[in-house]
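For reference, the structure is listed below as structure tokens.
The values are calculated or read from the model by the stated rules, or taken from the named source; none is laboratory data. If you're wondering where the values come from, they're calculated on a predicted model, not measured in any experiment. Glycine gets a Cβ as well: all are built from the backbone with ideal geometry, and neighbour counts include every protein chain shown. Surface accessibility is based on the protein's heavy atoms, side chains included, excluding ligands, DNA and RNA. Shrake-Rupley method; radii C 1.70, N 1.55, O 1.52, S 1.80 Å.
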Amino acid sequence: MQRHSTISPLLSLPGAVPAEGRDEGVAAHYGDLFREQRALADGTGLVDLSHRGVVTVSGPDRLSWLHLLLTQHVSDLPAGQATEALILSAHGHIEHALYLVDDGETVWAHVEPGTQEALIAYLESMKFFYRVEVADRTDEFAVVYLPAGSIAEVPDGVVVRETPQGRDLFLPRRDLESYAAANGPAIGVLAHEALRVEAHRPRLGFETDHRTIPHEIGLIGTAVHLQKGCYRGQETVARVHNLGKPPRRLVFLHLDGSEVLLPGHGTPVRLAADGEEGRQLGFITTSARHHELGPIALALVKRNVPVDAELLAGNTAAAQETVVEP
């Protein structure tokens, strides 16, 4: 359940349609999904991600301490350099995904909506004698996404996480409405999700379940650094990388455009040759309507599914592209 403080004021803008599920609290779209996608692809507009959790870690030991807990090498993370990292279970399953930047005094991270409390509880349990302070800043700061190529100005003092995909702003929540008015148009999360699916970028709680390991969804080398140890779950990461293959793999699907409804999260994936009564080989993780590609999706399937096999997502025909090699 979203807390009242994370209900975005931008939902009062003309045409705003509220998002549902994990993205509740912000707009799904503002009346024209494909126009919003094209704007993002062209480097204009902004996406209100103010429902995401914001966590900070300050103190002189912050980077060396986080280095012990995260899958990413952050002990020498330069100020202003964006990175991403995971927290794994003892068996190597993904529990948290953090999108980080250090401003020279504080590490700022945004995380999936509603996951910040469990993340903070874990971090607090691991503080021991380290000189660190962990804080939930979700009530104070809103995450705003500016696409790559955007010429929108960033106010003085605002922490920015810049990546090849664009910039994440940790904007004071009180400034959200005025910043959107000056740098819009505001764009809904459905457009943002469609471009995420197109780019094959996995998302916690969508492309992951309770047993997902990083190798299955292509996070080795991006969120997982292989030349470091000393974090929970590292043995599984090293063993699978060096000695084996993950049991599942992420695929990108082009869906049959004649179907009216998109297959939802969890829809079974089967071999088309086996029909709708065939053995389930995976499931849809995220589906979207793309302004150029039409209906598309990401799915997790068993590693041994042939890469050239035609698939069925529910009753929808699907052609696959490889994201993670079998």
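Scan segment 199-218 for residues that are under 10 Å from the mean Cα position of the chain (by Cα) and crowded, with 24+ Cβ neighbours inside 10 Å and report the count.
Summing the residues that are under 10 Å from the mean Cα position of the chain (by Cα) and crowded, with 24+ Cβ neighbours inside 10 Å in segment 199-218 gives 2.
Every residue, every condition in (1) open to solvent by 20 Å² or more (accessible area, probe 1.4 Å); (2) out of contact with any Ser or Thr (no Cβ under 9 Å at 6 or more places or on another chain); (3) closer than 22 Å to residue 205 by Cα, yes or no:
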residue	(1), (2), (3)
269	no, yes, yes
309	no, yes, no
312	yes, yes, no
315	yes, yes, no
318	no, yes, no
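Please specify each residue of segment 246-299 satisfying the condition of being within 22 Å of residue 189 (Cβ to Cβ) and polar (S, T, N, Q).
Residues satisfying the conditions are 267, 285, 286, 287.
Residue check: is residue 17 β-branched (Val, Ile, Thr) and open to solvent by 20 Å² or more (accessible area, probe 1.4 Å)?
So residue 17 passes the test.
Identify, by number, the condition in (1) surrounded by 14 or more Cβ atoms within 10 Å (Cβ to Cβ); (2) β-branched (Val, Ile, Thr); (3) under 17 Å from residue 197 (Cα atoms) that residue 322 doesn't meet.
Every listed condition holds for residue 322 apart from (1).
Name the single residue, out of those in segment 231-245 being modelled with pLDDT of 95 or more and part of a loop (DSSP other than H, G, I, E, B), that is most open to solvent (accessible area, probe 1.4 Å).
Filtering first and then ranking leaves 232.
In this structure, does residue 184 turn out to be over 22 Å from residue 22 (Cα atoms) and modelled with pLDDT under 95?
Working: over 22 Å from residue 22 (Cα atoms): yes; modelled with pLDDT under 95: yes.
In short, yes.
Report whether or not residue 174 is in contact (Cβ under 8 Å) with a residue 60 or more places away in the chain, surrounded by fewer than 19 Cβ atoms within 10 Å (Cβ to Cβ) and among the basic types (Lys, Arg).
Working: in contact (Cβ under 8 Å) with a residue 60 or more places away in the chain: no; surrounded by fewer than 19 Cβ atoms within 10 Å (Cβ to Cβ): yes; among the basic types (Lys, Arg): yes.
When the stated conditions are applied, residue 174 does not pass them.
Any idea how many residues of segment 183-208 are more than 17 Å from residue 324 (Cα to Cα) and not in a helix (DSSP H, G or I)?
Within segment 183-208, residues that are more than 17 Å from residue 324 (Cα to Cα) and not in a helix (DSSP H, G or I) number 6.
Report, ordered by the first and then the second residue, all pairs with beta carbons closer than 8 Å, sequence separation of six or more or different chains, a first member in segment 305-326 that is free of Cβ contacts under 8 Å to residues at least 60 places away in the same chain and over 12 Å from residue 272 (Cα atoms), and a second member that is open to solvent by 20 Å² or more (accessible area, probe 1.4 Å) and of a type in the set (Ser, Thr, Tyr).
Cβ pairs passing all conditions: 307/322.
Please count how many residues of segment 21-35 are small (Gly, Ala, Ser) and part of a helix (DSSP H, G or I).
Residues of segment 21-35 small (Gly, Ala, Ser): 21, 25, 27-28, 31.
After this cut, where a residue has to be part of a helix (DSSP H, G or I) as well, the list is 21.
Residues meeting the conditions: 1.
Report, by residue number, each residue of segment 126-136 that is open to solvent by less than 50 Å² (accessible area, probe 1.4 Å) and of a type in the set (A, V, I, L, M, F, W, C).
132, 134, 135
Take the residues in segment 251-262 that are part of a loop (DSSP other than H, G, I, E, B) and touching a strand residue (DSSP E or B) at 6+ places or on another chain (Cβ under 6 Å); name whichever of them is modelled with the lowest pLDDT. Walk me through how you get there before you give the answer.
If we filter segment 251-262 for residues that are part of a loop (DSSP other than H, G, I, E, B), which is where we start, we get 256-262.
With the extra rule that they be touching a strand residue (DSSP E or B) at 6+ places or on another chain (Cβ under 6 Å), the set shrinks to 256-257, 259, 262.
Numbers: 256: 95, 257: 86, 259: 78, 262: 95.
Out of the qualifying residues, it is 259.
Identify all residues within segment 272-302 that are surrounded by fewer than 16 Cβ atoms within 10 Å (Cβ to Cβ), modelled with pLDDT of 95 or more and of a type outside the set (Gly, Ala, Ser); write none if there are none.
Result: 274, 279, 280, 292, 293, 302.
Within segment 1-20, work out how many residues are part of a helix (DSSP H, G or I) and either at pLDDT 95 or above or among the polar types (S, T, N, Q) (or both).
So the answer is 6.
Residue check: is residue 12 of a type in the set (Gly, Ala, Ser) and open to solvent by 60 Å² or more (accessible area, probe 1.4 Å)?
Yes, satisfied.
Out of segment 211-230, which residues are of a type outside the set (A, V, I, L, M, F, W, C) and outside any loop (DSSP other than H, G, I, E, B)?
Answer for segment 211-230, where residues must be of a type outside the set (A, V, I, L, M, F, W, C) and outside any loop (DSSP other than H, G, I, E, B): 214, 215, 216.
Here is a yes/no grid of residues against (1) buried (at least 19 other Cβ atoms within 10 Å of the Cβ); (2) among the small types (Gly, Ala, Ser):
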{"site": "138", "(1), (2)": "yes, no"}
{"site": "157", "(1), (2)": "no, yes"}
{"site": "162", "(1), (2)": "no, no"}
{"site": "178", "(1), (2)": "no, yes"}
{"site": "197", "(1), (2)": "yes, no"}
{"site": "220", "(1), (2)": "yes, no"}
{"site": "229", "(1), (2)": "no, yes"}
{"site": "247", "(1), (2)": "no, no"}
{"site": "250", "(1), (2)": "yes, no"}
